[in-house]
1. What residue, among those in segment 183-227 that are modelled with pLDDT of 95 or more and aromatic (Phe, Trp, Tyr), is farthest from Ile159 (Cα to Cα)?
2. Can you say whether Lys95 is touching a helix residue (DSSP H, G or I) at 6+ places or on another chain (Cβ under 6 Å) and either open to solvent by 20 Å² or more (accessible area, probe 1.4 Å) or not hydrophobic (A, V, I, L, M, F, W, C) (or both), as far as the supplied structure shows?
3. Restricting attention to segment 334-343, which residues are surrounded by 15 or more Cβ atoms within 10 Å (Cβ to Cβ) and either modelled with pLDDT under 95 or over 17 Å from Ile135 (Cα atoms) (or both)?
4. Could you figure out which of (1) out of contact with any Pro (no Cβ under 7 Å at 6 or more places or on another chain); (2) under 22 Å from Leu185 (Cα atoms); (3) touching a residue at least 40 places away in the same chain (Cβ under 8 Å) isn't true of Ile309?
5. The conditions are (1) surrounded by 21 or more Cβ atoms within 10 Å (Cβ to Cβ); (2) over 20 Å from the mean Cα position of the chain (by Cα); (3) over 30 Å from Ala18 (Cα atoms), and Ser261 fails exactly one of them. Which is it?
6. Out of segment 311-331, which residues are open to solvent by less than 80 Å² (accessible area, probe 1.4 Å) and either at positive phi or modelled with pLDDT under 95 (or both)?
7. For segment 46-90, enumerate the residues that are among the hydrophobic types (A, V, I, L, M, F, W, C) and either at pLDDT 95 or above or not in a helix (DSSP H, G or I) (or both).
8. Of Glu289, Glu275, Glu332, Glu263, which residue is of a type in the set (D, E, K, R) and touching a Lys or Arg at 6+ places or on another chain (Cβ under 8 Å)?
Amino acid sequence: MVRIGMLTSGGDCQSLNATMRGVAKALYRLYDDVQIIGFEDGYKGLMYSDYRIMEPRDFSGILTEGGTILGTSRQPFKLMTVPDENGLDKVELMKQTYKKLKLQCLVVLGGNGSQKTANLLSEEGLNVIGLPKTIDNDLWGTDMTFGFQSAMNIATNAIDCIHTTAASHGRVFIIEVMGHKVGWLTLQAGIAGGADVILIPEIPYDIEKVAEAVKRRNKVGKRFTIIAVAEGAISKEDAALSKKELKKKKEQEKNIYPSISYEIAAKMEEMTGIETRVTVPGHMQRGGEPCAYDRVLSSRLGARAAQMIYNEEYGNLVVIRNNEITKIPLKETAGKLKTVDPKDSMVEEAKLLGITFGD
C-alpha cells in the first residue's frame, strides 16, 4: 500500500479543498492501493501526529466548498528550529511522524512560509511536493496561486458596491485590500473595480499627489473618488525610514490609526476638505466558494501533483507558467517573494487609464 500525507498550512483560501480533491482523485486513479492521511491544522498535526485516514467519500462534494476540511494553522518558519513549549525539536517531531506512518510522500498546500518549511523537510530527507496557495499571489516561480482569483473577485465586488454610495454622497472612499507585503490583489481588483487611485507597497506614495488627484477629479465635476489601498501600502516618508524607526512609528500611531487606510483617510479629509470613509473587507476576501478559474487551476495543479508522486518527482513545487502546469525545485521558491515591478506593463496600462499610484 502507498501512503500519502497531506496538509494545508498558513492562511486559508477558497480553493484548498478543490486542490486536495484534485490530488486525491488522480491518486485513486493512478494507484490500485493508496491511502491518504490528512493532518489536522497544518504542520501542527504533523508534529503531534494529529491525523485521520481519508476515504474517497471525504473528497466528494468539496470542489465548491471554501476553507479546508483539514483545518489549518500558522507555524512561522523562523520558529521551526525553536523547540516547542515542552522543549521538543519540531523538525524531528515531524520527521518521526512521517516515518512512523511510513509515508511515501507529503503534500503541502501553502504559501511562502509553508513552502519554506516544505523545503526544509525535503532537505531533511523527506519526500515532499508543494502546491502554491495564497490569495496574495506572491509565491515566486508561479504565474498564479490558487485562491488569488477568488479573493480578487470579492475585493472587486467590494469596490463595485462602494461606487454607488460614494457617488450618492460625493465622498472619497478608501477600500483596504489584503495582500500582505505585495500589491497584486489591490492592483488587479483596483483596475477591475474602476478605482481612481491605487496604492501598493511596491510604489511608495506621495500623499500630496494623492490629494491632488482627488482635487483634480472634484474640479471637473466628479463628486467622488475611489482609492484602493493595499494593507502593506507605504508612504515615501515611511519607506525612507529604517526598519527600527518604522516599527517605532507604527507603535506610536496604532491607537490613532488601526491601519494605513485610516491614516490616509485622515490626511485626505484634511488636505481636500472632502468627507472620507474607509471600508475594510478583511477576511471576507478569503471566504466563500472558489470561482470557476480557481476550480480549474486547483484541479489541474492537484492532478499534476499526483502524477509527480507516481513518477517520484519529489522536492518540487507544482506551478503554472504560460498556462502550462509544470514544476520547479522547492529550494528555488523558498524565501522569495513575487512582487509587483513598478515598471510592470499592468501598472503602465493602469496609468494610461488615468489611475494614480501616488508616485
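1. Top of the filtered list is Tyr205.
2. No: the conditions fail for Lys95.
3. Ala334
4. Condition not satisfied by Ile309: (2).
5. It is condition (2) that Ser261 fails.
6. The one that is open to solvent by less than 80 Å² (accessible area, probe 1.4 Å) and either at positive phi or modelled with pLDDT under 95 (or both): Gly315.
7. Across segment 46-90, the qualifying residues are Leu46, Met47, Ile53, Met54, Phe59, Ile62, Leu63, Ile69, Leu70, Met80, Val82, Leu88.
8. Glu275
The values are calculated or read from the model by the stated rules, or taken from the named source; none is laboratory data. In this text the structure is predicted, and so the values were computed from the model without any measurement. Positions of Cβ are generated from backbone atoms using ideal geometry, with glycine treated the same way; all protein chains shown enter the neighbour counts. In case anyone asks, the SASA skips ligands and DNA or RNA and just uses the protein heavy atoms, side chains included. Shrake-Rupley method; radii C 1.70, N 1.55, O 1.52, S 1.80 Å.
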